[in-house]
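Worksheet: one structure, shown below.
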Amino acid sequence: CCGEFTNICCILNQYERMGSDVTMQCGSLGNDASVSWKVNGTDVKAQHRLEGPRLILTEVNLGHNGLYSCFQNPHGERRDTIFLHIGIPPREPSVTCRSNTYPKGFYCSWHQLHPTYIPTTFEVDVQHNQRSLEVQKDAVHKNRCHVRFPEVFSIFPYKVNVTAVNALGNAYLTISFEESTIVKPDPPERVTATPIRSSPRRLEVSWHSPATWPDIDNFPLKYFLRYRPLIREQWQHVELSDSTSHTITDAYAGKEYIIQVAAKDTEIGTWSDWSVAVHATPWIEDPVPIASTTEGIFSTETKTSPIPSSNAPQKAEPPVGRAARVLTFFSPLLLGMLLLFMW
């Protein structure tokens, strides 16, 4: 691959199965050529042996991945460059199909249950009533494709074959299903729960049908509502025909609730996943304001214990009878008359 008069070499990709012994050939050199090898620019340190222009690695694993270069002795001229990729062949993929846009069509998705460590591609073939249907790759998900229903209410099953292919091998899986078994809407959207004034045990719940469901008028949905207070683990359930609202009437007063809704075609298919959970608490009566007692206390003290005026006596005198007051008035006069008679 290297030019005879240049040091520029093309890189060869070599894919090998994990656990096997690998032989790499240095260009087209003969068996008697003497060469040396490097991996990622350094000497090969993994368990190996040289047989002329060939490098043999034993029981390779992911650690052997790398860029191997060979050089012809004695001048060390680079002769070849090989990128070694270690992996495993694919196993049969896991395949699921679902219609969330009924009756427009369905999609199928697939993935490998076990890694292959090397690039793996997928080939998809869809058959219906003995003819192949057009398969459109998903613009976002690389392991998904979309298929249009060729007819509605078909009695013929669909057959989907997905083949995984890589440099070491291939494996496929074929599934077969009837149209009605894969219908599964997306969850309801914009779920809201609102308390109802003066109703401490009620919550008004409303939602919208999934935007991906294309024809709600001709293909109506029914709904399944579940709710529970956060303090309990057990859900309560309500199934509704085609309404997009419901009033919960048995909520615990003052307790926060968690609420979710699922959807299903009224006749076929399975229930959607649950919607995003919303939280709500029933209406709680505003508390009656309590009057301050400080004013009343001061008012009562003013009535029962008036502040004395500045003219009021500071100390009460003992009561004195009228006779005692007269005697006290005439005591000096009587004493004088008594002394006069004694002289």
Single match in Pro195, Pro119, Pro188 (criterion: under 30 Å from Gly19 (Cα atoms) and touching a residue at least 24 places away in the same chain (Cβ under 8 Å)): Pro119
Condition first: in a loop (DSSP other than H, G, I, E, B) and open to solvent by less than 40 Å² (accessible area, probe 1.4 Å). Can you find one or more residues in the range 191-201 that meet it? no
Going through the range 22-46 one residue at a time, which ones are over 15 Å from Phe71 (Cβ atoms) and at pLDDT 90 or above? Val22, Thr23
Considering only the range 73-85, I want to know if a residue exists there that is small (Gly, Ala, Ser), open to solvent by 20 Å² or more (accessible area, probe 1.4 Å), more than 26 Å from Gly169 (Cβ to Cβ) and not assigned by the TED database to the domain that holds Gln136. yes
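The values are calculated or read from the model by the stated rules, or taken from the named source; none is laboratory data. Please read these numbers as outputs of a predicted model, since none were measured by experiment. Quick reminder, even Gly has a Cβ in these numbers, built from the backbone with ideal geometry, and neighbours come from all protein chains shown. Areas reflect the complete protein model, heavy atoms only, side chains present, ligands, DNA and RNA absent. Shrake-Rupley method; radii C 1.70, N 1.55, O 1.52, S 1.80 Å.
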